[in-house]
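S.K.: Here's a structure for you.
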Amino acid sequence: INDDDEWIVTYGQGSPSLSAVWMASQHSDDQGETWDKVIPSQEVSNHFQNLIHPCKAPGTDRVYLFYLDAEFGLTLWRSEDGGRTWPLDNRVAVQSSDEDATVSTGLDSNCVARGDEVWAVYGLTDHDPGGGQTLARLTDIRLAHSSDGGATFDARTSVDDDDAGTSFLLPHIALEEDGAIDLTYVAGQGPDDTEASFRHARSTDGGMTFAPSVRVVGPVTYELDRAD
């Protein structure tokens, strides 16, 4: 995150065997000249945390971490002081209870924020790839929205373009200055589809609806093997 002189970097810090991964963040008030390290989860033991994506409401001290947690699933954790402290009560599950029956994935997902609003994009899949060597085939891309600073989520909307494909990968969002939301992802018909495409869609109503997606690059291969 780069907000004037304030920079924030987040990452996963793991044991040599990767049997445990926990979040860490570095905070700088002088454009990266000096850094202060914080481990938000230092009070939480035996948790696996990974795929850590930060976002910040510009002009405020409110910072969010959107990540995969072994206990809560996809989680949003809020700091009110620029990422210096992380109260345990400021964690909330992003996916809804009826999505728990499927596997949620935060790979290459992210969040954006403005004022008291937060948006987080993630995928749903009908299978567990297991082992970490294979990506999950996404059957749906969801956009979650909060209007109370990440305390609760009031909407979760399906935002993929069904006309573009039946399988998706790597959703990502960006927030424009006027509030429009840009969404990119890969769409295809499933593994090894050589006619898949990398696509872009735009919303001008806060993520409630998106215009039909357009192809940015294609054809590309819909590949689930992380080594390829």
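S.K.: Tell me the strands (runs of 3 or more DSSP E) entirely within region 14-65 that contain at least 2 residues that are farther than 22 Å from Asp89 by Cα and at pLDDT below 85.
M.R.: It comes to none.
S.K.: A further question on this structure: What residue, among those in region 113-142 that are out of contact with any His (no Cβ under 9 Å at 6 or more places or on another chain), small (Gly, Ala, Ser) and in a strand (DSSP E or B), is farthest from Arg78 (Cα to Cα)?
M.R.: Gly123
S.K.: Looking only at region 152-178, which residues are of a type outside the set (Asp, Glu) and in a loop (DSSP other than H, G, I, E, B)?
M.R.: Matches in region 152-178: Thr152, Phe153, Val159, Ala164, Gly165, Thr166.
S.K.: Of these, Leu224, Leu138, Leu124, which one is under 20 Å from Thr102 (Cα atoms), surrounded by 12 or more Cβ atoms within 10 Å (Cβ to Cβ), touching a Gly at 6+ places or on another chain (Cβ under 7 Å) and at pLDDT below 95?
M.R.: Leu138
S.K.: Would it be correct to say that Val112 is farther than 28 Å from Glu177 by Cα and either under 15 Å from the mean Cα position of the chain (by Cα) or open to solvent by 10 Å² or more (accessible area, probe 1.4 Å) (or both)?
M.R.: Criteria not met by Val112.
S.K.: Mind checking which residues of region 194-219 are free of Cβ contacts under 8 Å to residues at least 24 places away in the same chain and aliphatic (A, V, I, L, M)?
M.R.: Matches in region 194-219: Ala211, Val214, Val217.
S.K.: Would you be able to say whether some residue in region 109-131 is closer than 23 Å to Ile1 by Cβ and of a type in the set (S, T, N, Q)?
M.R.: yes
S.K.: Still on this structure: Restricting attention to region 1-36, and to residues there that are open to solvent by 30 Å² or more (accessible area, probe 1.4 Å) and among the acidic types (Asp, Glu), which single residue is nearest to Trp86 (Cα to Cα)?
M.R.: My answer is Asp36.
S.K.: Separate question: Being open to solvent by less than 20 Å² (accessible area, probe 1.4 Å), assigned to a loop (DSSP other than H, G, I, E, B) and farther than 21 Å from Thr10 by Cα is the requirement here; does Gly149 meet it?
M.R.: No, not satisfied.
S.K.: Restricting to region 73-104, give me the number of residues that are closer than 19 Å to Ala136 by Cβ, touching a residue at least 40 places away in the same chain (Cβ under 8 Å) and either surrounded by 22 or more Cβ atoms within 10 Å (Cβ to Cβ) or not charged (D, E, K, R) (or both).
M.R.: Residues that pass the stated criteria total 4.
S.K.: Quick check on region 91-112: of everything there that is not small (Gly, Ala, Ser) and not in a strand (DSSP E or B), which residue is modelled with the lowest pLDDT?
M.R.: Asp100
S.K.: Checking the condition within 24 Å of Tyr185 (Cβ to Cβ), aliphatic (A, V, I, L, M), open to solvent by less than 20 Å² (accessible area, probe 1.4 Å) and touching a strand residue (DSSP E or B) at 6+ places or on another chain (Cβ under 8 Å), which residue from Leu51, Leu65 passes?
M.R.: Selected residue: Leu65, the only one of Leu51, Leu65 that is within 24 Å of Tyr185 (Cβ to Cβ), aliphatic (A, V, I, L, M), open to solvent by less than 20 Å² (accessible area, probe 1.4 Å) and touching a strand residue (DSSP E or B) at 6+ places or on another chain (Cβ under 8 Å).
S.K.: Across region 153-203, what is the total count of residues that are open to solvent by less than 10 Å² (accessible area, probe 1.4 Å), farther than 27 Å from Asp225 by Cβ and within 16 Å of the chain's Cα centre (by Cα)?
M.R.: 1
The values are calculated or read from the model by the stated rules, or taken from the named source; none is laboratory data. Note that this is a predicted model, so its numbers are computed, not measured. In this analysis, Cβ positions are derived from the backbone assuming ideal geometry, glycine residues included, and neighbour counts consider all displayed protein chains. What goes into the accessible areas is simple: the full protein's heavy atoms, side chains included, and nothing from ligands, DNA or RNA. Shrake-Rupley method; radii C 1.70, N 1.55, O 1.52, S 1.80 Å.
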